[in-house]
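Working notes, structure below.
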Number of protein chains: 2
Amino acid sequence: MSVDCVIFGFDTKNLNVLLVERTLYNGNSHKPVFSDYTLTGNHIKQGENPDEAAVRILTDLIGKNDIYLEQFHTFGGVDRLTQAKDQQWIKSLGTDIAGQVFTVGYYSLIDCTSVHINDHNSRTVRWFPVNQLPELGYDHLSILRKALEQLQLKVRREPIGFELLSGKFTLTDVQRLYEAILGTTLDTRNFRKKLAQMKYIVPLHEKQQEVRHKPAQLFTFSREIYEKTKKKMSIS
Amino acid sequence: MSVDCVIFGFDTKNLNVLLVERTLYNGNSHKPVFSDYTLTGNHIKQGENPDEAAVRILTDLIGKNDIYLEQFHTFGGVDRLTQAKDQQWIKSLGTDIAGQVFTVGYYSLIDCTSVHINDHNSRTVRWFPVNQLPELGYDHLSILRKALEQLQLKVRREPIGFELLSGKFTLTDVQRLYEAILGTTLDTRNFRKKLAQMKYIVPLHEKQQEVRHKPAQLFTFSREIYEKTKKKMSIS
DNA sequence: GCAAAAGTGTTTCCGCTACACCCATGA
DNA sequence: TCATGGGTGTAGCGGAAACACTTTTGC
């Protein structure tokens, strides 16, 4: 029984996912047998519930624990691990994770510009744009697709996207973000009218600095105001 | 690792849930110690995935296997089973299900007027209106609430409600159903305009019989037409 | 003829869409 | 002064909401 986290990040251009490199070396020649990427995951420890395990995984990797996390689906069945390379990998680990065929999927949203990624068992950890993914191990491609699908549904109903932005952002940042998540383009004027209705997007007394064009107004997301004014508001 | 099914049914008036009675008898006096209800559930067998387990549970109970099923959340953690009565019950079973702290929640939609409920280990199985629930065991009340919440979200996006109606239904049936699921009332004329756009609601050459009022037109749901004309259509 | 539910149209309002130009800044 | 993105308003359309009376049947 394990947890896998689909960690989404945003860098003012692309929606990214954090992936861990997995390279299997030949025991004798030490040449790589194969190399691909996987989601960050771990087994659920004794006495933990899935939410706690997900928080632990995130905390280990990112160092903070106030991260947006959302459970989206549980995957199971032996067919999750039947690719030849996955079998090789599992065998090489020695530990018997073969029985660990269930995984609870979480997605999390973080501002990847303001975060330091900790070492993950000295394996390479990298951001990939969701539309330029490398080869993935196990069934992680389908887990990732499902996560994105659920994120797209959720973001139309609730203002969860702000977790992906830093504390201060411009309205253009928000638009780029929604465009990246939804995979569409949006009309700037109409989009801003929508945002203007959302009272929890609060203007700061501050503008962009050191840009070689008209500096944009900065805003911040107020969770308190959001909680008070929860209404059905949808984007797109 | 287990699966719990929240089985929703509709009887032209109420949205119902199928629950199983759980009565613990004192070993000596054979008097009931407590009595409450639980969802239908079972552990996941070796080699099964959660979907298969859910189908099995439904098939055992209902006898057919073409039932609408939707995974909605996974619950875990030791706190699921900490009520005193749950501990008593688990102890009485002898079998060690204490380690079985994870459960994958599914909801299913069936037409409860056209179904025969099989015996469930000779325990009483009953429909309860979702707004008149009995006392529930374990954390099944919160599982049920989550299921209903997810059902409400889903039914606004996709025409899944028809699984709850029999093959032939009137437009009023559909309205009562949506009102029951969403817990609201809906304007008849506007609701019918919505339904009229849904080409997969097909009129039959048939009307209600033996009603002491103007007989209503009967309709049926065509999945084929739905699959062809999938568009974003929402109710509410 | 009465009770009971079926069935039907129109008007109003609001939100969504489409669309183009001026502004402030740094280089 | 130019390049770059920031920022703004309006008109038209279409879907959502509000709302009341006639019809058909069984009794």
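The table for this structure:
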quantity: Spans of helices (runs of 4 or more DSSP H) in the stretch A:138-236 with at least 2 residues over 22 Å from the mean Cα position of the chain (by Cα); calculated: A:188-197, A:223-229
quantity: Pick from the stretch A:11-55, criterion part of a loop (DSSP other than H, G, I, E, B) and surrounded by 22 or more Cβ atoms within 10 Å (Cβ to Cβ), ranking: farthest from the other protein chains (Cβ to nearest Cβ); calculated: A:LEU39
quantity: Failed item in (1) β-branched (Val, Ile, Thr); (2) within 15 Å of DNA strand D (Cβ to nearest atom); (3) within 14 Å of chain A (Cβ to nearest Cβ), with B:THR188 passing the rest; calculated: (3)
quantity: Qualifying residues in the stretch B:146-174 (those that are among the acidic types (Asp, Glu) and surrounded by fewer than 17 Cβ atoms within 10 Å (Cβ to Cβ)) - the one nearest to DNA strand D (Cβ to nearest atom); calculated: B:GLU158
quantity: Positions within the stretch A:130-145 being crowded, with 17+ Cβ neighbours inside 10 Å and hydrophobic (A, V, I, L, M, F, W, C), in sequence order; calculated: A:VAL130, A:LEU136, A:ILE143, A:LEU144
quantity: Number of positions in the stretch B:110-126 that are among the small types (Gly, Ala, Ser) and in a helix (DSSP H, G or I); calculated: 1
quantity: Residue match in the stretch A:175-184 (condition: closer than 23 Å to B:LEU153 by Cβ, away from DNA strand D (no atom under 15 Å from the Cβ), within 14 Å of chain B (Cβ to nearest Cβ) and loosely packed, with under 11 Cβ neighbours inside 10 Å); calculated: yes
quantity: Filter result (among the charged types (D, E, K, R) and either without any contact (Cβ under 8 Å) to a residue 60 or more places away in the chain or in contact with a Pro (Cβ under 7 Å, 6 or more places away or on another chain) (or both)) within the stretch B:143-186; calculated: B:ARG145, B:GLU149, B:GLU158, B:LYS168, B:GLU179
quantity: Selected residue (criterion: farthest from B:CYS112 (Cα to Cα)) from residues of the stretch B:52-66 that are without any contact (Cβ under 8 Å) to a residue 60 or more places away in the chain and hydrophobic (A, V, I, L, M, F, W, C); calculated: B:ALA53
quantity: Qualifying positions in the stretch B:67-88 - away from every other protein chain (no Cβ under 14 Å) and surrounded by 14 or more Cβ atoms within 10 Å (Cβ to Cβ); calculated: B:ILE67, B:TYR68, B:GLN83, B:LYS85, B:ASP86
quantity: Test: residue in the stretch A:122-129 that is within 27 Å of A:SER2 (Cα to Cα), touching a residue at least 12 places away in the same chain (Cβ under 8 Å) and of a type in the set (D, E, K, R); calculated: yes
quantity: Residue check, B:LYS64 away from chain A (no Cβ under 14 Å) and under 22 Å from the mean Cα position of the chain (by Cα); calculated: yes
quantity: Counted residues, the stretch A:152-204 - those being more than 22 Å from A:ILE110 (Cβ to Cβ) and away from DNA strand C (no atom under 16 Å from the Cβ); calculated: 0
quantity: Matching residues in the stretch B:192-236 - criterion: being at pLDDT below 95, of a type in the set (Val, Ile, Thr) and in contact with a helix residue (DSSP H, G or I) (Cβ under 6 Å, 6 or more places away or on another chain); calculated: B:ILE235
quantity: Cβ-Cβ under 9 Å pairs, at least 6 apart or on other chains, the stretch B:210-224 side of a type in the set (S, T, N, Q), far side in a loop (DSSP other than H, G, I, E, B) and more than 14 Å from DNA strand C (Cβ to nearest atom); calculated: B:THR220/B:GLY167; B:SER222/B:LYS199; B:SER222/B:TYR200
quantity: Checking B:THR59 against (1) within 14 Å of chain A (Cβ to nearest Cβ); (2) modelled with pLDDT of 90 or more; (3) not in a strand (DSSP E or B), the condition it does not meet; calculated: (1)
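To keep it simple, each residue is scored yes or no on (1) in contact with a Pro (Cβ under 8 Å, 6 or more places away or on another chain); (2) on the phi > 0 side of the Ramachandran plot; (3) at pLDDT 95 or above; (4) not hydrophobic (A, V, I, L, M, F, W, C).
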{"site": "B:PHE8", "(1), (2), (3), (4)": "no, no, yes, no"}
{"site": "B:THR12", "(1), (2), (3), (4)": "no, yes, no, yes"}
{"site": "B:ASN16", "(1), (2), (3), (4)": "yes, no, yes, yes"}
{"site": "B:VAL20", "(1), (2), (3), (4)": "no, no, yes, no"}
{"site": "B:ASP36", "(1), (2), (3), (4)": "yes, no, yes, yes"}
{"site": "B:LEU39", "(1), (2), (3), (4)": "no, no, yes, no"}
{"site": "B:LYS45", "(1), (2), (3), (4)": "no, no, no, yes"}
{"site": "B:GLU52", "(1), (2), (3), (4)": "no, no, yes, yes"}
{"site": "B:LYS64", "(1), (2), (3), (4)": "no, no, no, yes"}
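The values are calculated or read from the model by the stated rules, or taken from the named source; none is laboratory data. Keep in mind the model is a prediction, meaning the values are calculated, not measured. Note: ideal-geometry Cβ built from the backbone for every residue, glycine included; neighbour counts use all protein chains shown.
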